[in-house]
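Here's the structure we're looking at; comments come further down.
The values are calculated or read from the model by the stated rules, or taken from the named source; none is laboratory data. None of these values were measured; they are calculated from a predicted model. Glycine gets a Cβ as well: all are built from the backbone with ideal geometry, and neighbour counts include every protein chain shown.
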Amino acid sequence: MASIQRTGPFKGRTIGVVNDLSLDEQRYLYQKAKELKTLAKSGGDTRPFRIEDRDYQVYLIFMEDSTRTKESFRNASKFLGCRTNVFDTATSSFNKNESITDTIKMLYGYASDSCFILRTKLEGVCRWLQIALSAYAEATGKPNPGFINAGDGKHEHPTQEFLDEFSFLEHLNWNMNDIHIALTGDLYHGRTVHSKADGLKIFRNVKVDLVAPELLAMPPSYVARMKDNGFEVQIYESLDEYLASGKVAPIWYFTRLQLERMGESVLEKADVLRKSVTFRKDMLGLLPEGTRFYHPLPRDRINPTNPTFLDNLPLNGWDAQSENGYWTRIIEIGMVSGLLGQDFEGELGRPEELPEDFIKETTPAEHKKPEYKVGIKPVEEGIVIDHIAVGKPIEEIWSNIEAIRKILKLNVRSSQGVYHSLRGEGEFKGIISLPDIISFGQKDLKKLAAIAPGCTLNLIRNSSVARKYRLSMPPRIYGFDEISCKNENCISNPKHNEGVVTEFVRKTGSTFVCKYCEREHPFREIWDI
Ligand code: ASP
């Protein structure tokens, strides 16, 4: 029996990455976790924070090892009074080659309302399931399930991020003005530090010191994201170099070396690399007054980067930090279940609106009569694609012409070539003339823009241009058989056979990011041809 209505504004939402919650929503999460923790610790009435409905099912699906994240979610679900299922991946149909998508659809059918908490090696799983299951939910007339990412490969770990920020806020007395933090350890493979590129945005002024040897350095895309978010970023290669700088942060965030994600060549050097980010007793005197150390845990029991001599010092912030996982995760499930949020005032997280004006029709009167030809014969009726890969090297222009023909299946009488462009000395462009094609649909136009941004399409009638379209780089490229994400760990990578519709979103210029794993791709790399 449902004791409390669950109709809050976050119902059925997905938390796949930190940015899935707006800054106002993140602040709401922290505020609610603070209220709950204070109430629970003082013996107050925590009933408004409980779902108390066995028809609400919380599924924990952990396909990679976990202790803290899994147990804090399991206990959070128990506190909430939901039906809690821990899905045993070792004995499941995953081992009979079933797709994650099929498995989740089946589990979704076993309750009237549910949320799924997933830890996977594959990246971008929650984003994909949100899309796949919302279509299924519509077909079955049931509410959209919520999805919470409990760590996907080396991509993100948003719920760890929320408990980390909550811990920093407690330490800083809830002052959201400034934070100066050092991130150290394995910044390359550690998903918890990647999530900091967005999670720290709740502070007005952010200074981040990245301390890691080159082989474990923060990937450039995350450094760029931090800078884009207005953070002041400094880079150091070891703790010794950092401490000698004299500009040391009072909050340190350690991470372990993620040996299970390292390739052979890095693994061989693990001991040397670890040394440069391991804290020593002689470093204690170099820390600013009141410094606090944090760690997402686990720490390596043989070679911890934050060694055990620190455990009983006031520096130890990590024990209280891990407890905070319980409070923040209760609130996260409470939010996506629709229980919490009625008192939320602020901006709701929304998918970004993408412009669709990448196809512009221009008036043919602006242009002189063209002299498009098939071979030596002028085109009287048909289509001419002009300015293909203009200004690019000649080989690239030819390969772009080839890609257009192949993807648009232009197996018709036609001619093509590489010609001088009027843009300037030594500049070239490609042209395809198609006298047998007299109509070109909107879908084909979009496809052409995605293959050859910058080209023009001319409809020729009675030997002159009747319509002309300028095609620029589209904001999204999706759904073509000839594109794929080149990250082998991405859920959309064809080798995983999950039936994911590949989609790229333009970031800047000609750089696109995969909608699921967020890996950056230069435009040409998207294409398989
Ligand atoms: N527990 C964290 C994670 O799942 C950190 C770690 O494993 O090192 O990413």
| query | Is it true that THR305 is within 15 Å of the ligand (Cβ to nearest atom), crowded, with 18+ Cβ neighbours inside 10 Å and hydroxyl-bearing (Ser, Thr, Tyr)? | reply | yes
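Could you grab me the full set of residues in region 198-215 that are free of Cβ contacts under 8 Å to residues at least 60 places away in the same chain and in contact with a Phe, Trp or Tyr (Cβ under 8 Å, 6 or more places away or on another chain)?
Let us first name the residues in region 198-215 that are free of Cβ contacts under 8 Å to residues at least 60 places away in the same chain, namely 200, 203-210, 214-215.
LEU200, VAL206, LYS207, VAL208, ASP209, LEU210, LEU215 - these are the residues of region 198-215 that are free of Cβ contacts under 8 Å to residues at least 60 places away in the same chain and in contact with a Phe, Trp or Tyr (Cβ under 8 Å, 6 or more places away or on another chain).
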| request: Out of GLN31, GLN57, GLN26, report the one residue that is touching a Ser or Thr at 6+ places or on another chain (Cβ under 6 Å) and modelled with pLDDT of 95 or more. | output: GLN57
| All positions within region 221-249 that are within 19 Å of the chain's Cα centre (by Cα) and of a type in the set (Ser, Thr, Tyr) | SER221, TYR222
| request: Using the structure shown, decide if ILE148 is under 30 Å from GLN258 (Cβ atoms) and touching a Pro at 6+ places or on another chain (Cβ under 9 Å). | output: yes
| Counting just the residues of region 62-78 that are in a helix (DSSP H, G or I) and near the ligand (Cβ under 8 Å from one of its atoms), which one comes out surrounded by the fewest Cβ atoms within 10 Å (Cβ to Cβ)? | ARG68
| Residue, surrounded by the most Cβ atoms within 10 Å (Cβ to Cβ), within region 82-105, restricted to residues that are over 26 Å from the mean Cα position of the chain (by Cα) and under 15 Å from LEU60 (Cα atoms) | CYS82
| request: Report yes if some residue within region 141-151 is surrounded by 24 or more Cβ atoms within 10 Å (Cβ to Cβ) and without any contact (Cβ under 8 Å) to a residue 60 or more places away in the chain; otherwise report no. | output: no
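Kindly indicate whether THR91 is touching a residue at least 12 places away in the same chain (Cβ under 8 Å) and over 28 Å from ASP45 (Cβ atoms).
Working: touching a residue at least 12 places away in the same chain (Cβ under 8 Å): no; over 28 Å from ASP45 (Cβ atoms): yes.
No.
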| What number goes with the only condition from (1) more than 22 Å from TRP398 (Cβ to Cβ); (2) buried (at least 22 other Cβ atoms within 10 Å of the Cβ) that ALA452 does not pass? | (1)
| task | Might you check whether a residue that is outside any helix (DSSP H, G or I), out of contact with any strand residue (DSSP E or B) (no Cβ under 9 Å at 6 or more places or on another chain) and more than 24 Å from GLY124 (Cβ to Cβ) occurs anywhere in region 507-514? | result | no
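Could you tell me which residue of region 103-151 is farthest from GLU498 (Cα to Cα), considering only residues that are acidic (Asp, Glu) and away from the ligand (no atom under 16 Å from the Cβ)?
If we filter region 103-151 for residues that are acidic (Asp, Glu), which is where we start, we get 113, 123, 138.
Now narrow it down to the ones that are away from the ligand (no atom under 16 Å from the Cβ): 113, 138.
Working: ASP113: 24, GLU138: 20 Å.
Ranking the qualifying residues of region 103-151, first place goes to ASP113.
Would you pick out the residues in region 229-281 that are among the aromatic types (Phe, Trp, Tyr), under 23 Å from SER167 (Cβ atoms) and away from the ligand (no atom under 16 Å from the Cβ)? Spell out how you get there, then give the answer.
First, pick out the residues of region 229-281 that are among the aromatic types (Phe, Trp, Tyr): 231, 236, 242, 252-254, 279.
Subset that is under 23 Å from SER167 (Cβ atoms): 231, 242, 252-254, 279.
Across region 229-281, the qualifying residues are PHE231, TYR242, PHE279.
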| request: Only residues in region 255-278 that are within 15 Å of ASP300 (Cα to Cα) count as the first member; pair them with residues that are hydroxyl-bearing (Ser, Thr, Tyr) and away from the ligand (no atom under 15 Å from the Cβ), Cβ under 9 angstrom, at least 6 apart or cross-chain, and list the lot. | output: LYS275/SER238; VAL277/SER238
| remark: In region 413-470, anything modelled with pLDDT under 90, more than 12 Å from ILE359 (Cα to Cα) and assigned to a helix (DSSP H, G or I) is listed as none
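Would you confirm, using the coordinates I've provided, whether ARG329 is more than 15 Å from the ligand (Cβ to nearest atom), of a type in the set (Lys, Arg), touching a residue at least 60 places away in the same chain (Cβ under 8 Å) and in contact with a helix residue (DSSP H, G or I) (Cβ under 6 Å, 6 or more places away or on another chain)?
On the way: more than 15 Å from the ligand (Cβ to nearest atom): no; of a type in the set (Lys, Arg): yes; touching a residue at least 60 places away in the same chain (Cβ under 8 Å): yes; in contact with a helix residue (DSSP H, G or I) (Cβ under 6 Å, 6 or more places away or on another chain): yes.
Judged against the criteria, ARG329 is not a match.
Where residues in region 16-61 are in a helix (DSSP H, G or I) and closer than 19 Å to HIS194 by Cβ, which of them is farthest from the ligand (Cβ to nearest atom)?
Step one: filter region 16-61 for residues in a helix (DSSP H, G or I), giving 18-20, 23-41, 47-49.
Those still in the list that are closer than 19 Å to HIS194 by Cβ too: 18-20, 23, 26.
Details: VAL18: 14, ASN19: 18, ASP20: 18, LEU23: 23, GLN26: 19 Å.
Applying the filter and picking the extreme gives LEU23.
ASP178: touching a Phe, Trp or Tyr at 6+ places or on another chain (Cβ under 9 Å), of a type in the set (Asp, Glu), within 14 Å of the ligand (Cβ to nearest atom) and under 30 Å from GLU35 (Cβ atoms), yes or no?
Values: touching a Phe, Trp or Tyr at 6+ places or on another chain (Cβ under 9 Å): yes; of a type in the set (Asp, Glu): yes; within 14 Å of the ligand (Cβ to nearest atom): no; under 30 Å from GLU35 (Cβ atoms): yes.
Spelling it out, it is not the case that ASP178 is touching a Phe, Trp or Tyr at 6+ places or on another chain (Cβ under 9 Å), of a type in the set (Asp, Glu), within 14 Å of the ligand (Cβ to nearest atom) and under 30 Å from GLU35 (Cβ atoms).
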